[in-house]
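Below you'll find the structure, written out as structure tokens, and then a few comments.
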Amino acid sequence: MKVLVIEDDQQAASYLAKGLKEAGHVVDAANDGKEGLFLAGSEHYDVMIVDRMLPGRDGLSLVEILRATGNDTPVLFLSALGSVDDRVKGLKAGGDDYLTKPFAFSELLARIEVLVRRRSAAQPQTRLSVADLELDLLSRTVRRAGKSIDLLPREFALLEYLMRNAGSVVTRTMMLENVWDYHFDPQTNVIDVHIARLRQKIDKDFPTPLIHTVRGAGYSLRAPQ
Amino acid sequence: MKAVLPTLRLLRTTPFRLALLYLGLFIISVGVILGVVYRSTAGFLEEEIGATIALEVAGLQDQYRSAGLRGLVDSVRERSGYSHTNSIYLLTTPGGVILAGNLSGWPDATAGPGGWTHFKISDYGGVNNRPSTAMAVSFVLPGQFRLLVGRDMSELDQLRGRMVVSLRWVFLVTVVLGLGGGLLLARGAMHRIEAINRTTHRIMAGDLSGRVPRGGGGDEIDRLAGNLNAMLDQIERLMTGMRQVTESVAHDLRTPLSRLRARVELALIRETDDPEVYRAVLQDTILEADRLLATFTALLSIAEAESGANRKALEPVRLADVVRLAADLYEPVAEEKGLTLVTDIRAEPTVRGNEQLLAQAVSNLLDNAIKYTPEGGRITLLLEGAGPGQAARVTVADNGPGIPPEMREKVLERFVRLDAARASPGNGLGLSLVEAVARLHDASLRLEDNEPGLKVGIVFPPDAG
């Protein structure tokens, strides 16, 4: 993927670039808002990582301008401003996701991957399937290898989110944000319990597990290789 | 010098300036009133004298008409013959020879408006030697005889003089009393304002315990003092809280940070070729850093809720949604620990609030209940609607060990945990956040005995909807 990093802190920018390159992405970096706007307007990127507070032009207005000019490249805000208000502001300005500093690199990678995937599969779907697992959004039923699986509404929503991002790593925070709309971390790792329950129903009676734990990051639902 | 300075300062105060302004207006009014009194009194007496003279002139005219010049001369002689008369007469021939009267010569003064002449009696050898003035009117009789009838004004002059003197005194006393009273009043007001200034100075110097004394009269200065004291209470509470937090943060973060540092340092000292050792150390380091970050995040959430900066961003929140979502998230967690989580939604109240913070508060309460209730226990999440003194109430009750009454205040403080050994995970910030969120919503947090167990209620005020 081609990633544009707009970040004024040199150290943070090079850390981001290094990590992204190691993960196999192509990285361009801009040190201020003006340069970022220029690069974003002149090249095609799969995803942009934008700091909120930038010299020259702040991240919010930068994204607003991009959106106004018809640029719909997915944007992930990366900011030290982490209150719910700040996040809402970022998303309203046209950001697709919001990550608060300090962050875990695995979280950032998982998020940009999901962002890009979401963009490429934007057309409405009524059925999702991964390997022999099928989810019907209209009848709200789940079947694996032809066998019907009963899920509680929240389990269904969780599975839907995992299946929409099949193949990608999905972190606990992402699940809390997207399935429960919780923009804070509960004290206990509640997500693990929910995944364990989902595994009981999806994977337990079948020879190949579909839900995989990604150490230090989260979970991933993917077909066996 | 020392005595002069406060006086000078007093002169510059607003109360004194107001008193001075008032005094100025007062003096002008008194002056105008005194002027009017003086003019009307003196003028009245002058008119009276004029009327007397006019009567005498009328009498003499009668005499002249009936008895001719001869009779007039006799009459004037007779009248001016009285020893203690205030009246002045003079009758002369056309050549200026005095025929009768009690003046030694015709006055030089020219007649003013209305035919009245004013002159000094003593200059013309008047009835007595008083240096008084006289007021007279003169006529030219047929045959160029001239008649002057007047009156000694000495009594009126004396009265005038006395009036001026007494009016001057009245004026002086008014000024002195007004000035003195103004100073006294200003000093009274200043005294109380000075007390407020002294207190604020003391507080600025670092003594936060100072309070402004109150007069108890309930006037505006008292109200000002009351408000200042209330503000100071609030500031002191915040400052104490801040100091306590700073100390707790320093203490609670120092320990894990030094642990972190020691672990990394040890790994470096050991100099092993086994990458697994380093990997394990790094993983532990990340875990420790995450715990630290979680603590920081919790502190930031509390600060956010406490600062009330989002108070204006409060919007209608359906509490039932918040409760359902939290129950949905925690039910499997409770079940995992062998606990029963019962959700009892009795109403669908809406309150003005911050949904995320409310969700976090309910989550924290459930988290605590699940953490501290032993296996087989039962947790109730209850949502009630409007009732006496409340718009809504969210209650989390468990049948765990509970919190002894004397400790209930304590657990709301930051970093305070009842299990001193810190056997269970957490940073002791959970209830502090709940309390801060409650305060943001003007709700009260009630810690009660569930007999057995703990019952924590967030009670929204009646006007929260």
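The values are calculated or read from the model by the stated rules, or taken from the named source; none is laboratory data. Fair warning: this is a prediction, and the values are worked out from it, not measured in the lab. Using ideal geometry, Cβ is built from the backbone for each residue, glycine included, and neighbour counts are taken over all protein chains shown. Remember, those area values only see protein heavy atoms, side chains included, never the ligands or the DNA or RNA. Shrake-Rupley method; radii C 1.70, N 1.55, O 1.52, S 1.80 Å.
What are the residues in the range B:191-214 that are over 20 Å from the mean Cα position of the chain (by Cα), outside any loop (DSSP other than H, G, I, E, B) and not basic (Lys, Arg), if any?
Within the range B:191-214, just B:MET204 meets the criteria.
Filter the range A:170-221 for residues that are basic (Lys, Arg) and surrounded by fewer than 17 Cβ atoms within 10 Å (Cβ to Cβ); which is nearest to the other protein chains (Cβ to nearest Cβ)? Working first, answer last.
Narrowing the range A:170-221 to residues basic (Lys, Arg): A:172, A:197, A:199, A:201, A:204, A:215.
Checking which are surrounded by fewer than 17 Cβ atoms within 10 Å (Cβ to Cβ) leaves us with A:199, A:201, A:204, A:215.
On the way: A:ARG199: 12, A:LYS201: 12, A:LYS204: 15, A:ARG215: 9 Å.
The qualifying residue nearest to the other protein chains (Cβ to nearest Cβ) is A:ARG215.
Select from the range B:35-49 the residues that are modelled with pLDDT under 85 and either small (Gly, Ala, Ser) or not in a helix (DSSP H, G or I) (or both) and write down the one among them that is most open to solvent (accessible area, probe 1.4 Å).
B:GLY43
Which one is farthest from the chain's Cα centre (by Cα) among residues in the range A:135-166 that are of a type in the set (Asp, Glu) and surrounded by 18 or more Cβ atoms within 10 Å (Cβ to Cβ)?
Restricting to residues being of a type in the set (Asp, Glu) and surrounded by 18 or more Cβ atoms within 10 Å (Cβ to Cβ), the top hit is A:GLU155.
Could you check how many residues of the range B:434-451 are surrounded by fewer than 24 Cβ atoms within 10 Å (Cβ to Cβ), within 17 Å of B:TYR372 (Cα to Cα) and out of contact with any Asp or Glu (no Cβ under 9 Å at 6 or more places or on another chain)?
Count: 3.
Being open to solvent by 70 Å² or more (accessible area, probe 1.4 Å) and closer than 21 Å to B:ALA19 by Cα is the filter here, so list the residues in the range B:180-217 that pass it.
Matches in the range B:180-217: B:LEU184, B:LEU185, B:ARG187, B:HIS191, B:ARG192.
Applying the selection to the range A:17-27, what residues are buried (at least 17 other Cβ atoms within 10 Å of the Cβ) and touching a Lys or Arg at 6+ places or on another chain (Cβ under 9 Å)?
A:HIS25, A:VAL27
Taking the condition more than 11 Å from every other protein chain (Cβ to nearest Cβ), among the acidic types (Asp, Glu) and within 45 Å of the chain's Cα centre (by Cα), does B:GLU375 pass?
No: the conditions fail for B:GLU375.
Kindly evaluate B:THR246 against the criterion of being free of Cβ contacts under 8 Å to residues at least 12 places away in the same chain and among the hydroxyl-bearing types (Ser, Thr, Tyr).
So B:THR246 passes the test.
For every residue, the table says whether it meets (1) assigned by the TED database to the domain that holds B:VAL37; (2) hydrophobic (A, V, I, L, M, F, W, C).
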| residue | (1), (2) |
| --- | --- |
| B:ARG151 | yes, no |
| B:VAL170 | no, yes |
| B:THR174 | no, no |
| B:GLY188 | no, no |
| B:ARG192 | no, no |
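For B:VAL317, state whether it is under 17 Å from B:LEU366 (Cβ atoms) and assigned by the TED database to the domain that holds B:LEU429.
Considered against the rule, which asks whether it is under 17 Å from B:LEU366 (Cβ atoms) and assigned by the TED database to the domain that holds B:LEU429, B:VAL317 comes out as no.
Report, by residue number, each residue of the range B:431-449 that is assigned to a strand (DSSP E or B) and among the charged types (D, E, K, R).
B:ARG446, B:GLU448, B:ASP449
Tell me the residue from B:GLY59, B:GLY126, B:GLY96 that is within 25 Å of B:LEU156 (Cβ to Cβ) and at pLDDT below 80, please.
B:GLY126
Can you name every residue in the range B:132-153 that is under 17 Å from B:PRO107 (Cα atoms) and among the small types (Gly, Ala, Ser)?
B:SER132, B:ALA134, B:ALA136, B:SER138, B:GLY150
Which of the residues belonging to the range A:1-27 are of a type outside the set (A, V, I, L, M, F, W, C) and either farther than 15 Å from A:PRO74 by Cβ or part of a helix (DSSP H, G or I) (or both)? Lay out the reasoning, then the answer.
Looking only at the range A:1-27, we keep the residues that are of a type outside the set (A, V, I, L, M, F, W, C), and these are A:2, A:7-11, A:14-15, A:18-19, A:21-22, A:24-25.
Hits for the range A:1-27 are A:GLU7, A:ASP8, A:ASP9, A:GLN10, A:GLN11, A:SER14, A:TYR15, A:LYS18, A:GLY19, A:LYS21, A:GLU22, A:GLY24.
For B:GLU220, indicate whether it is farther than 28 Å from A:VAL190 by Cα, free of Cβ contacts under 8 Å to residues at least 60 places away in the same chain and among the acidic types (Asp, Glu).
yes
Considering the range A:196-212 alone, what residues qualify as being within 13 Å of B:PRO332 (Cα to Cα) and among the hydrophobic types (A, V, I, L, M, F, W, C)?
A:ALA196, A:LEU198
Taking B:ARG261, is it at pLDDT below 85, in a helix (DSSP H, G or I) and open to solvent by 90 Å² or more (accessible area, probe 1.4 Å)?
So B:ARG261 does not fit the description; no.
Here are some residues: B:VAL351, B:VAL342. Which one is open to solvent by 10 Å² or more (accessible area, probe 1.4 Å) and either over 15 Å from A:GLN187 (Cα atoms) or in a helix (DSSP H, G or I) (or both)?
From the options B:VAL351, B:VAL342, the qualifying one is B:VAL342.
So which residues in the range A:95-130 are more than 14 Å from every other protein chain (Cβ to nearest Cβ), in a loop (DSSP other than H, G, I, E, B) and modelled with pLDDT under 90?
First, pick out the residues of the range A:95-130 that are more than 14 Å from every other protein chain (Cβ to nearest Cβ): A:95-97, A:108-130.
Pick out the ones that are also in a loop (DSSP other than H, G, I, E, B) and you get A:95-96, A:121-126.
Scanning the range A:95-130 gives A:ALA121, A:ALA122, A:GLN123, A:PRO124, A:GLN125, A:THR126.
Suppose we keep only residues that are part of a loop (DSSP other than H, G, I, E, B) and more than 13 Å from chain B (Cβ to nearest Cβ) within the range A:68-94. Which one would you say is nearest to the chain's Cα centre (by Cα)?
A:PRO74
Looking at (1) crowded, with 19+ Cβ neighbours inside 10 Å; (2) without any contact (Cβ under 8 Å) to a residue 12 or more places away in the chain; (3) hydroxyl-bearing (Ser, Thr, Tyr), which is the only condition A:SER42 fails?
Looking at each condition in turn, A:SER42 falls short on (1).
Could you list, in sequence order, the residues of the range B:142-182 that are under 44 Å from the mean Cα position of the chain (by Cα), over 19 Å from B:GLU46 (Cβ atoms) and in contact (Cβ under 8 Å) with a residue 40 or more places away in the chain?
The answer is B:VAL170, B:PHE171, B:THR174, B:VAL175, B:GLY178, B:LEU179, B:GLY181, B:GLY182.
Condition check ((1) open to solvent by 20 Å² or more (accessible area, probe 1.4 Å); (2) touching a strand residue (DSSP E or B) at 6+ places or on another chain (Cβ under 8 Å); (3) within 10 Å of another protein chain (Cβ to nearest Cβ); (4) not polar (S, T, N, Q)) across all residues:
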site: B:ASP290; (1), (2), (3), (4): yes, no, yes, yes
site: B:THR297; (1), (2), (3), (4): yes, no, yes, no
site: B:SER301; (1), (2), (3), (4): no, no, yes, no
site: B:GLU306; (1), (2), (3), (4): yes, no, no, yes
site: B:ALA313; (1), (2), (3), (4): yes, no, yes, yes
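What residue, of B:THR240, B:THR255, is open to solvent by less than 80 Å² (accessible area, probe 1.4 Å), part of a helix (DSSP H, G or I) and farther than 22 Å from B:THR297 by Cβ? Lay out the reasoning, then the answer.
On the way: B:THR255 fails: farther than 22 Å from B:THR297 by Cβ.
Of the residues listed, the single one that is open to solvent by less than 80 Å² (accessible area, probe 1.4 Å), part of a helix (DSSP H, G or I) and farther than 22 Å from B:THR297 by Cβ is B:THR240.
Surrounded by 15 or more Cβ atoms within 10 Å (Cβ to Cβ), within 25 Å of A:ASP85 (Cα to Cα) and away from every other protein chain (no Cβ under 13 Å): does that describe B:ALA320?
When the stated conditions are applied, B:ALA320 passes them.
Inside the range B:323-335, can you point out the residues that are open to solvent by less than 50 Å² (accessible area, probe 1.4 Å) and within 10 Å of chain A (Cβ to nearest Cβ)?
B:LEU325, B:ALA326, B:ASP328, B:LEU329, B:TYR330, B:PRO332, B:VAL333, B:ALA334
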